[in-house]
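The values are calculated or read from the model by the stated rules, or taken from the named source; none is laboratory data. The structure presented is a predicted model; accordingly, all values stated were derived computationally and were not measured. Glycine also receives a Cβ, built like all others from the backbone with ideal geometry; neighbour counts cover every protein chain displayed. The accessibility values were calculated without ligands, DNA or RNA, using every heavy atom of the protein model including side chains. Shrake-Rupley method; radii C 1.70, N 1.55, O 1.52, S 1.80 Å.
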Amino acid sequence: MPISSWHRRLGLLLLPLLLGACSALQYQPLRSIDHINLQEGYRLQTAAQHKYAANKDDDVLMVLMFSGGGTRAAAFGYGVLEEMNRQQVRIGNKTGSLTEHVDLVYGISGGSVLAAYYGLHGAAVIPEFERRFLSQNFQKVLMQQVFSVSNWPRLTSPQFGRGDLLQEQLDLQLFHGATYDDLLHRRQGPFVVISATDMTLGSRLDFLQEYFDVLCVDLTDMPVSRAVAASSAVPMVFSPLTLNNHGGQCGYHLSPELAEAAAEANNGRFNTKQSYVRIVRQYQNSQKRPYIHLLDGGLTDNLGLRSLLDATQIYNRDTLYQQFAPGKVRKVVLINVNAQTQMSQDIDASADVPGFGAVLNAVVNIPIDRYSHETQLQFQQYIDSLNQKRSADDPTLYFISVNLLDLPSSPLRDRVARIPTTFYLPREDVRNLKTAAATLLNGSSEYQRLLHDLNTRPANDVPAPAAASAVAASEIAAPAPVAK
């Protein structure tokens, strides 16, 4: 029998199986709700309840924010956690590491992998996350799944894509079926906020019931792995992940202040409240938009700072104080961990047309980096303004910014600033990122002020700023030997 004829017959035999597999792979919607109950669900207010149930004398609100950047971001954030885990403090009636006192953690893209695992497992994140994720070649596993013949029928389904494969592998390797109900009732660590981007509206969507009320959908049954996969779904690399929308069917109403803002003329100027109202109204038209497709959260907020800024502008209040018992919190600690690196200039050494990878990297990262820089400046101005008008009754603010590119000039900086955004890093890159994190955190004057005000001694002798470059250079991990 000619080979072409054999292929045709084989194709005809397999066609029913392929079509059957495709039809079986349909999106499984989350449960819709017909009314809103503000006392139930995975809401930011439950973070405050959990905080004071565990430590009634706790007067420190500590918030961590992990940026995007693939495994580079996860490793850099892990280095910050590892250093915080070495620092013992007493807050309220509880003595433990700083890692055990974090109340909120925001995770974007690669940082969401670490944030979700930290929320579920608490202090056990050290050393388990490194063993289960950072030391594994997660990218190789993903590629094997993409090119596996057994997955071809699934990948031909119009309702299953590479983003769904990412979710599966994250669940198998890290989350093991955990849902937002587990984060609500059984988490061992801080309250977790993960963000993704609505690819149609270009707006941020936080995985909080406050946001899902607008969609009239119950968040608690969503797998944590799906939220992390949506937040990590880099365009062109991973397909968007789907979320069902039943907006307009559960009695959701805008607050009076938002309704009033929506009716005001904006005089051609950008208005955060009016922008938010326009987004809400589009979600409430669920007959036109019964589904939402989510991409990488870094496209709209790669630092996690935007969520806090928007909340203060939309609700006309400092939610950090009001969500966590105003008058009781005496110190607010914000630690922003930014794994942003420099764009490679290697392509400028040649007249050759840049390849697909370089162009994709530019298309994704240039707007993210510029927007992140503007957000960080705006947030610093916000913190400065709060400090300037702070009264004796207001909490003390600490804004600790840990930026990878703030490393002093050294061999370590040269090496980590070129680490790409992937889902796998060699061990020496992970070690160098952890060293960079420890150097930057301990070199932060705000971090040292916090330790002083907590009446605790640093976990180690902190190098003077002038010596930081020498320390960084001496601790750089050598590249692994190449097998011949």
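Using the Cβ of Arg289 as centre and a radius below 12 Å, the other residues enclosed give a net charge of +1, where K and R count +1 and D and E count -1. Judged by the ratio a/c of the largest to the smallest principal axis of the C-alpha gyration tensor, the range 133-211 counts as oblate, that ratio being 1.5 or greater while a/b is no larger than b/c.
For the range 138-253, the per residue solvent-accessible surface stands at 37 Å², with DNA, RNA and ligands left out and a 1.4 Å probe.
Computed packing ranks the peptides 240-248, 104-112, 440-448 as 104-112, 240-248, 440-448, most packed first, by mean other Cβ atoms within 10 Å.
Taken as Cα centroids, the range 183-242 and the range 75-100 sit 27 Å apart, rounded to the nearest whole angstrom. To put it simply, the accessible area of the range 182-228 at a 1.4 Å probe is 48 percent carbon and sulfur.
Taking other residues whose beta carbon is less than 12 angstrom from the beta carbon of Phe379, and scoring Lys, Arg as +1 and Asp, Glu as -1, yields -3. A P(r) calculated from all alpha carbon pairs of the range 186-245, with 5 Å bins opening at zero, reads 4, 16, 29, 28, 14, 7, 2, 0 percent.
Packing, as the average of other Cβ atoms within 10 Å across residues, places the peptides 61-71, 204-214 in the order 61-71, 204-214, highest first. Loop-located trypsin sites (Lys or Arg not before Pro) in the range 368-427 (DSSP state other than H, G, I, E, B) with a sparse environment of at most 10 neighbouring Cβ atoms within 10 Å: Lys389.
With the simple spin-label model, which puts each label point 7 Å out from Cα in the Cβ direction, the Ala351 to Leu201 separation comes to 5.0 nm. With both labels modelled 7 Å from their Cα along Cα-to-Cβ, the Asp453 to Asn137 distance reads 4.7 nm. Positive contributions from Lys and Arg (+1) and negative ones from Asp and Glu (-1), summed over other residues with Cβ under 14 Å from the Cβ of Asn85, come out at -3. Cross-link partners for Lys434 among the aspartates and glutamates, with Cα-Cα distance under 18 Å and sequence neighbours closer than 8 places in the same chain left out: Glu82, Glu83, Glu128, Glu130, Asp406, Asp414, Asp461, Glu475. The alpha-carbon of Lys56 sits under 22 angstrom from the alpha-carbons of these lysines, leaving out residues fewer than 8 places away in its chain: Lys94, Lys328, Lys331.
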